Amino acid sequence: MSKPFTVAIDGPAAAGKGTISKAVAAHFGFGHLDTGLLYRAVGAKVMAGADAIEAAQALSADDLNVDGLRTAQVAQAASKVAVIAGVRAALLDFQRAYARRAGGAVLDGRDIGTVICPQAEAKLFVTASAEVRGKRRFDELMGRGEAAELAQVIEDVRARDERDAERVVAPMKAADDAQTIDTSDLSIAEAIAAAISAVEAVRGTA
Ligand code: DC
């Protein structure tokens, strides 16, 4: 087993973090943790009537494997529970342990390079304009057969970014030593290639 190597990938909603993270993890043979899923699972439990902090403290792997966590409603609920310090604290140890697993790990989220893993060997901040991100999310919803209006989806993405970036605890922001990749004008293949080469540059020296 090779030694731990952490890749932190942060950025706003629908910037391409998930696709890029999966591809980077596959390329290097690392594990991948989508940390947004943790907040989505807590958000879904709160929608069902649970207390946010208790739900975060009791979260199990099974809670991440349930259907329906990818909806727009759950995304907003996730963003709302994510402002609660007790929720974030309850999810911290699991994320840090995953980051240092043997064999390497890619974690994607909002605060990975700043709070969860400030010592990550590689840090990327993946972003794109709100219009491009809204359109991508809209196409994704259409692809799944969900009803949506483009203007509303762009508005939802903006509202979520604002809440995620302006909260007091662990706001979304690029770490000072993160490399920013703007995917607005990049194809998926180009964005993945840019991310892999950024990680490769550090991997060679780590
Ligand atoms: O990445 P995502 O869209 O699945 O994330 C859903 C919400 O969870 C996001 O709007 C804010 C929150 N989140 C967070 O606060 N910190 C993270 N590391 C990941 C997600």
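The values are calculated or read from the model by the stated rules, or taken from the named source; none is laboratory data. Because the structure is predicted, anything quoted here is derived from the model rather than measured. All Cβ positions, glycine included, derive from the backbone under ideal geometry; neighbour counts span all protein chains shown. Ligands, DNA and RNA are stripped out before the accessible areas are found, and what is left, the full protein with its side chains, is counted by its heavy atoms. Shrake-Rupley method; radii C 1.70, N 1.55, O 1.52, S 1.80 Å.
The residue list V157, Q119, I188 was ranked by how far each Cα lies along the charge dipole of the stretch 79-206 toward its positive end, using unit charges on Cβ atoms, and Q119 comes out on top. A Förster distance of 45 Å, applied to the separation of the beta-carbon atoms of A201 and A50, puts the FRET efficiency at 0.55. On full extension, the segment bounded by R158 and M142 gains 3.8 nm, given 0.36 nm per residue less the C-alpha separation.
Taking the 1.4 Å solvent-accessible surface of the stretch 87-147 as the whole, the part contributed by carbon and sulfur is 57%.
Its DSSP H runs of at least 4 residues, each contributing -39,500 (n - 2.57), put the calculated 222 nm mean residue ellipticity of the chain at -16000 deg cm²/dmol, to the nearest 500.
As a rough guide to protection, the peptides 120-129, 147-156 ranked by mean Cβ packing within 10 Å, highest first, stand as 120-129, 147-156.
Around the amide H of T127, modelled in the peptide plane, lie the amide H atoms of I181, D182, T183, all under 5 Å away and 5 or more residues distant in sequence or on another chain. Please work out, to two decimal places, the log10 of the ratio I(q)/I(0) at q = 0.15, 0.19, 0.20 Å⁻¹ from a Debye calculation in which every Cα of the stretch 98-206 carries one identical scatterer. Scattering profile of the stretch 98-206, log10 relative to I(0): -0.78, -1.11, -1.17. In this structure, the amide hydrogen of H32, modeled 1.01 Å from its nitrogen in the peptide plane, lies closer than 5 angstrom to those of V106, counting only residues at least 5 positions away or on a different chain.
What percent do you get for the relative contact order of the stretch 32-104 when only Cα pairs under 8 Å and 6+ apart count? Don't jump to the answer; show the numbers that get you there.
Values: 63 pairs, mean separation 28.9, N = 73.
Once divided by the residue count of the stretch 32-104, the mean separation gives 40 percent.
Just to be sure I understand the model, the point goes 7 Å from the Cα along the line to the Cβ. What's the resulting Q57 to L150 distance in nm? Taking the two extended label points, one gets 4.7 nm.
Computed over the chain, the alpha-carbon pair-distance distribution with 5 angstrom bins reads 1, 8, 16, 20, 21, 17, 12, 5, 1, 0, each value a whole percent. Potential lengthening of the chain between F94 and E121 amounts to 7.9 nm, from the contour at 0.36 nm per residue minus the alpha-carbon distance.
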